[in-house]
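The values are calculated or read from the model by the stated rules, or taken from the named source; none is laboratory data. These numbers were taken from a predicted model, which means no experiment stands behind them. Every residue, glycine among them, receives a Cβ derived from its backbone with ideal geometry; neighbour counts consider all protein chains shown. Surface accessibility is based on the protein's heavy atoms, side chains included, excluding ligands, DNA and RNA. Shrake-Rupley method; radii C 1.70, N 1.55, O 1.52, S 1.80 Å.
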Amino acid sequence: MNHVMTVKELCLWYGSTQALKDINIEIEERSITALIGPSGCGKSTFLKSLNRMNDLINGVRITGEVCYRNQNIFDKDVDVNELRRSIGMVFQKPNPFPMSIYDNIAYGPRTHGIKNKAKLDDIVEHSLRGAAIWEEVKDRLKKSALGLSGGQQQRLCIARALAVEPDVLLMDEPTSALDPISTSKIEELAMELKNKYTIIIVTHNMQQAVRISDNTAFFLLGDLIEYGNTEKMFEQPKDKRTEDYITGRFG
Amino acid sequence: MKNRKRLMENAIHGIFLILGLITVGCVLLITVYLVISGIPAIRKIGILNFLFGRKWASTAVEPQYGIFPFILTSIYGTAGAIVAGVPIGFMTAVYLAKIAPLKVKIVIEAAVSLLAGIPSVVYGLVGMMVLVPGIRIVFHIPDGASLLAAIIVLAIMILPSIIKVSLTALEAVPREYEDASLALGATPVETYFRVSVPAAKSGIAAAVVLGVGRAIGEAMAIMMVAGNAPNMPKVFQSVRFLTTAVASEMSYAADGSLQKQALFSIALVLFLFIMLINAVLNFFLKHSKE
Ligand SMILES: Nc1ncnc2c1ncn2[C@@H]1O[C@H](COP(=O)(O)OP(=O)(O)O)[C@@H](O)[C@H]1O
Ligand SMILES: [Mg+2]
C-alpha cells in the first residue's frame with residue numbers, strides 16, 4: 001500500500017494550550033480513514049492541519065511534519081493554495097456559497113484559471129455526477145444552491161470539492177447535520193469515491209466508522225491512542241481506552 | 001389587582017404609541033407644509049419653466065426662476081462624490097473587515113467615527129481655507145471655489161457612512177463561506193472579492209444609497225466651497241446646489257414674494273429627491289435581510 005500522507009511528530013498549540021500531541025500516522029492511498037474520539041479531542045484540528053486551514057487562526061503554532069506525496073506541507077516553498085486544491089475539504093455544516101448551483105461548482109475551476117464555457121459545463125456535470133446529485137439538480141443549475149435540502153447541499157459541497165480534481169478529500173463530520181437517508185447517501189458516495197480519492201473522515205458515529213472505513217484512528221485529549229485496521233480495532237482494541245470508547249463507556 | 005396591572009400596561013402602551021406618533025406627525029407636518037408652500041410658485045412660473053429653465057435670476061428686474069442648473073449641480077455633485085467616495089470607502093471597509101490587524105482596525109475605526117462626528121461647517125471651513133486655494137493653484141484657475149471642491153468635500157463627508165454600513169455587511173458574511181473558498185485553493189484576496197463581497201452586496205448597495213442621501217442633502221459645507229453662483233455645472237465653475245439655493249436666499253427674500261415662494265418650491269423638489277432615495281434605501285435594506 002502506498003502512503004499518500006505521512007504525519008510525523010505533529011504537535012499543535014492554540015496559544016498556550018496544546019491540542020495535538022506528537023501525532024504519528026500514515027494514510028493509505030485510495031482508502032477511507034476514520035478519525036474517532038470524544039468531542040474536543042482534536043479531530044477537527046488534526047484534519048485542518050492536513051490542508052493547512054489552521055494557518056488562518058491567530059496564535060496557532062505547529063511543530064513536526066506532514067508529508068504529502070513526499071513533500072513536507074509546512075515547507076516554505078509549498079504553495080498553500082495549490083496544496084488546498086489537491087487536498088479538498090468538506091465541512092461539518094453544509095456551506096454552499098449563496099450563488100447558483102452551477103456557480104458553486106464552477107467556483108473552484110474558475111479560481112484555477114478555467115474560463116472556457118464548454119469546459120466548465122463539462123466539469124460541472126462531471127462533478128455533480130461524481131457526487132451523485134446530478135439527476136436531482138440538472139434542471140435547476142441556475143437556481144440558488146441555498147434552496148436545496150441539507151443532504152443535497154452537502155453532496156453539492158462534495159461535488160464542489162471534486163470540481164478542482166483533488167487527490168485527498170478531508171471530511172469533518174459531514175453527516176452530523178443530516179437525516180438518516182441523506183447520511184446513508186453520503187456514506188455510499190464516500191465508499192464509491194475511495195476508488196479514485198483518498199478520504200479522511202471525522203465521525204463521532206462509530207457505526208459509521210465501521211460501515212465505511214478501512215482504517216480508524218482513535219484520538220483522546222490530543223493524543224493518538226490507537227490506529228489501525230478498522231475491523232481489527234473494533235473487534236480487538238489494543239488499548240483499554242479505545243475499548244472503553246468503542247463500547248460506549250465514555251464520550 | 002389584576003385590573004390595575006392591565007390598566008398600567010394599557011397606559012404604557014398608549015404613551016409609547018403617542019411618542020411614536022410624534023415622529024409620524026412631524027413627517028406629515030413637514031410634507032404638508034412643503035407641498036402647500038411649494039406649489040404656488042410652481043403654478044405661477046409653470047412647472048416646465050421652473051424645473052427646466054436654465055436661468056435663475058430671482059432679483060433681476062425681470063426675474064427668472066429656472067432651477068435646472070441647481071438640479072443638475074445636485075445630481076453631478078452627488079454622482080461625483082459617489083464616484084470618488086465609494087471606491088475609497090468600500091476598499092477601506094474590505095480592508096477593515098478582512099485584512100487589517102486588530103490594532104490598525106481599532107485606530108482606523110476610531111478615525112472614521114471621528115470623521116462622522118465633525119460638524120459640516122468645519123468641513124466647509126477647512127475646505128475653504130485649504131481645498132479652494134489648493135484647487136486654484138493646482139489647476140491655474142482664477143477661483144478655486146467650484147463644483148470640484150464641493151465634490152471632494154462631499155466625497156469625504158460620505159466616507160464614514162459608506163465605510164460603516166459596508167463594514168457591517170461584510171462582517172456579517174458567514175465565516176463558512178470564506179473557509180469553503182480557501183479550502184478550494186482560492187487566495188484570501190480572491191475570496192474577499194469573489195465570495196465575501198458578493199455575499200454582502202445588498203448591504204453595500206445600501207451603503208451607497210445612504211451616501212447619496214447624505215450628499216444630496218448637505219448644504220453648509222458645500223455652500224462654503226462651491227462659490228454659490230447659479231451657473232450650469234462645470235467642474236471648475238462656481239455652482240449652486242438645490243440645498244444651497246434655498247439656504248443662500250432665504251434670509252433676504254421678502255415675505256410673500258415670488259422669490260420666497262420659489263425657494264419653498266426648490267425645497268419641495270429636494271424633498272421629493274430624498275423621498276425617492278429613501279425608498280430605494282428601504283428596498284435594499286429589506287433585500288439584505290432576506
Ligand atoms: N480556534 C481555536 N482556538 C482555540 N482553541 C481551539 C480552537 N479550535 C479548537 N480549539 C480547542 O482545541 C481542542 C480540540 O478541538 P477540535 O479539534 O475542534 O476537537 P474535535 O473536532 O475533536 O471535537 C479543544 O479543546 C478546543 O477547545
Ligand atoms: Mg470537530
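A compact table of results
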{"quantity": "DSSP-defined beta bridges in the protein assembly as shown - what % are antiparallel, rounded to 5", "calculated": "60"}
{"quantity": "Normalised convex hull volume, the range B:25-99, alpha-carbon set, Å³ per residue", "calculated": "145"}
{"quantity": "Average partner coverage of A:95-102, which counts Cβ from other chains inside 10 Å", "calculated": "4"}
{"quantity": "Inverse of mean 1/r across different Cα pairs in the range A:77-164, Kirkwood, Å", "calculated": "13.0"}
{"quantity": "Burial order of peptide ranges A:218-231, A:68-81, B:217-230 (average beta-carbon count within 10 Å, highest first)", "calculated": "B:217-230, A:218-231, A:68-81"}
{"quantity": "In the range A:104-203, trypsin sites (Lys or Arg not before Pro) in a DSSP loop with at most 11 other beta-carbon atoms within 10 Å", "calculated": "A:K115, A:K142"}
{"quantity": "10 Å-binned pair-distance histogram of chain B (Cα, whole percent)", "calculated": "6, 22, 26, 22, 14, 7, 2, 0, 0"}
{"quantity": "Two-decimal log10 I(q)/I(0) for the range B:199-290, as the Debye equation yields it once each C-alpha is a single scatterer, q = 0.10, 0.22 Å⁻¹", "calculated": "-0.36, -1.05"}
{"quantity": "Highest average packing first - B:41-48, B:155-162, Cβ atoms within 10 Å", "calculated": "B:155-162, B:41-48"}
{"quantity": "R0 of 51 Å, Cβ-Cβ distance B:M220-B:I12: FRET efficiency to nearest 0.05", "calculated": "0.80"}
{"quantity": "Accessible area expressed per residue, the protein assembly as shown, with surrounding protein chains retained (probe 1.4 Å, Å²)", "calculated": "50"}
{"quantity": "Measure of compaction for the range B:121-166 (Cα Rg per 2.2 N^0.38 Å)", "calculated": "1.28"}
{"quantity": "Fraction of accessible area attributable to carbon and sulfur, chain B (%, probe 1.4 Å)", "calculated": "72"}
{"quantity": "Share antiparallel - DSSP beta bridges, the range A:3-246, percent rounded to 5", "calculated": "60"}
{"quantity": "Cα principal axis extents for the range A:140-251, largest first, Å", "calculated": "53, 27, 24"}
{"quantity": "Rough spin-label spacing in nm, given labels placed 7 Å along Cα→Cβ, for B:K201 and B:M129", "calculated": "4.5"}
{"quantity": "Extension gain, B:I137 back to B:A254 (0.36 nm per residue minus Cα-Cα distance, nm)", "calculated": "38.2 nm"}
{"quantity": "Nitroxide proxy distance, nm - points 7 Å out along Cα→Cβ at B:I22 and A:E125", "calculated": "6.7"}
{"quantity": "Cα-based radius of gyration of the range B:2-52 once divided by 2.2 N^0.38 Å, which approximates compact folds", "calculated": "2.14"}
{"quantity": "Pairs of lysines in chain B (C-alpha under 27 Å apart; 8 or more residues apart or interchain)", "calculated": "19"}
{"quantity": "Most mobile of B:Y177, B:Y76, B:Y65 in a GNM of chain B (Cα contacts under 10 Å)", "calculated": "B:Y177"}
{"quantity": "Selection from A:I212, A:A177, A:L120, by position along the positive dipole direction of chain A (Cβ)", "calculated": "A:L120"}
{"quantity": "Accessible area buried at the B-A interface, both sides summed, 1.4 Å probe (Å², nearest 100)", "calculated": "1600"}
{"quantity": "Efficiency of FRET from Cβ geometry, B:V189 and A:V210, R₀ 60 Å, rounded to 0.05", "calculated": "0.90"}
{"quantity": "Other-chain or far-sequence residues with amide H under 5 Å of B:I141's (modelled H)", "calculated": "none"}
{"quantity": "Share of alpha-carbon pairs per 10 Å distance bin for the protein assembly as shown, given as whole %", "calculated": "3, 14, 19, 17, 13, 13, 11, 7, 3, 1, 0"}
{"quantity": "Förster-model FRET efficiency, 30 Å R0, B:R4 and B:L29, C-beta, rounded to 0.05", "calculated": "0.25"}
{"quantity": "Separation of the A:Q92 and B:K286 label points, Cα + 7 Å toward Cβ, nm", "calculated": "3.8"}
{"quantity": "Kirkwood hydrodynamic radius of chain A, Cα pairs, Å", "calculated": "18.7"}
